[in-house]
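Student: Quick one: structure below, then a few questions.
The values are calculated or read from the model by the stated rules, or taken from the named source; none is laboratory data. Everything numeric in this text was worked out from a predicted model, so none of it was measured. Counting neighbours? That spans all protein chains shown, and the Cβs are built from the backbone with ideal geometry, glycine included.
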Amino acid sequence: MNRSIYLLLIFVLSAGVFRHSYAQNQPADAQILFFSNVNAMLQNCGCGEPPLGGLAQMLPLINKKRNENKHSIVVDGGDFLNSYSYPDINRAVMEIYLRMDPDLVALGDQELTEGMAFLETNKDFFSRYLLASNANLPEVQRQKVFPVANLRILSWLDESAFDTAKKPSALTLSRTLFDYYYQQFKKNQLTIVIFHGAKSALRHFIKVYPAIDIILLAHAQSNIKQLKTRPFVIGGVVDGEYIKEIFISRAGENMQVNVTDIPVPMKIAPDTTVLKIIEKWQIK
Ligand SMILES: [Zn+2]
């Protein structure tokens with residue numbers, strides 16, 4: 001082989017290798033910080049080994065992740081309020097969420113434990129954060145679009161979520177409403193749906209809505225992590241003990257999703273403002 005052709009060949013081959021390794025080290029196309037079922041867990045229960053969770057620790061951890069990637073999307077899958085009526089605690093949690101400022105909170109059954117009037121009274125808060133693509137509530141958003149990450153998020157509150165709590169009679173969960181947003185597909189845009197309901201009801205939902213890219217499952221803790229075929233399914237966590245860090249990389253039609261469970265340990269220096277809010281509402 002001519003020496004110059006040989007050198008050229010070596011150059012082309014190594015450039016290919018470099019290009020490949022560069023592609024592997026590229027930042028993910030999108031990063032989602034996902035948690036669910038915070039259950040108004042103001043404070044760590046001190047149980048478990050090591051004890052995990054608590055909003056005062058969660059907040060600094062989320063802020064750290066956001067500083068590392070300002071395009072991180074912070075998603076709460078719902079049930080961030082208490083599982084039974086306790087307005088003072090729920091208001092404290094909402095005050096903390098204003099500081100956390102998540103990108104969205106999917107409507108769960110526990111957001112309705114204070115009754116529909118509570119949503120109306122706190123309209124500013126709920127219209128800013130709550131996402132419910134299939135609920136007939138005036139105080140919620142029905143679709144969130146993130147142009148930077150080229151994705152959109154919808155949420156589905158399933159009838160199966162009302163296993164213990166009674167569904168308010170004024171609440172209608174409408175497939176027609178959901179269909180309107182579901183059908184708005186855009187080229188190359190990913191569709192993520194937060195499914196808030198029983199895991200057993202998910203199979204039927206996927207049959208009816210097969211074109212979803214990723215489903216985030218909330219309402220109960222679930223270790224499900226199906227990342228082989230669309231729709232990818234990622235289960236939620238509880239009590240603010242973990243945050244799921246989801247990386248989505250795309251190359252044409254191909255999509256790769258990686259999920260890391262990040263524990264929320266007590267050793268994280270707590271957010272002092274959150275501590276003050278907790279103190280204020282503490283039962284004396
Ligand atoms: Zn729920």
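Student: Looking only at region 204-250, count how many residues are more than 23 Å from D163 (Cβ to Cβ), in a loop (DSSP other than H, G, I, E, B) and either within 16 Å of the ligand (Cβ to nearest atom) or in contact with a helix residue (DSSP H, G or I) (Cβ under 7 Å, 6 or more places away or on another chain) (or both).
Tutor: 1
Student: Please pick out the residue among P60, P50 that is under 19 Å from D261 (Cβ atoms) and at pLDDT 95 or above.
Tutor: None of the other options fit; the residue is P60.
Student: For Y86, only one of the following conditions fails: (1) surrounded by fewer than 20 Cβ atoms within 10 Å (Cβ to Cβ); (2) modelled with pLDDT of 95 or more. What is its number?
Tutor: The failed condition is (2).
Student: Which one of A170, A201, A149 is part of a loop (DSSP other than H, G, I, E, B) and surrounded by 14 or more Cβ atoms within 10 Å (Cβ to Cβ)?
Tutor: Going through A170, A201, A149 in turn, just one is part of a loop (DSSP other than H, G, I, E, B) and surrounded by 14 or more Cβ atoms within 10 Å (Cβ to Cβ): A149.
Student: Right, here's the next one. Anything in region 100-146 that is surrounded by fewer than 17 Cβ atoms within 10 Å (Cβ to Cβ) and hydrophobic (A, V, I, L, M, F, W, C)? List them, or say none.
Tutor: Result: M116, A117, V145.
Student: Can you tell me which residue in region 153-193 is nearest to the ligand (Cβ to nearest atom), limited to those that are touching a Leu at 6+ places or on another chain (Cβ under 8 Å) and among the β-branched types (V, I, T)?
Tutor: My answer is V193.
Student: Name the residues in region 28-43 that are in a loop (DSSP other than H, G, I, E, B) and on the phi < 0 side of the Ramachandran plot, would you?
Tutor: Across region 28-43, the qualifying residues are A28, D29, S36, V38, M41, L42, Q43.
Student: Looking only at region 87-108, count how many residues are of a type in the set (K, R) and either outside any helix (DSSP H, G or I) or closer than 20 Å to V75 by Cβ (or both).
Tutor: Selection size over region 87-108: 1.
Student: From the set of residues in region 70-101 that are in contact with a helix residue (DSSP H, G or I) (Cβ under 8 Å, 6 or more places away or on another chain) and small (G, A, S), which is nearest to the ligand (Cβ to nearest atom)?
Tutor: If we take residues in region 70-101 being in contact with a helix residue (DSSP H, G or I) (Cβ under 8 Å, 6 or more places away or on another chain) and small (G, A, S), then G78 is nearest to the ligand (Cβ to nearest atom).
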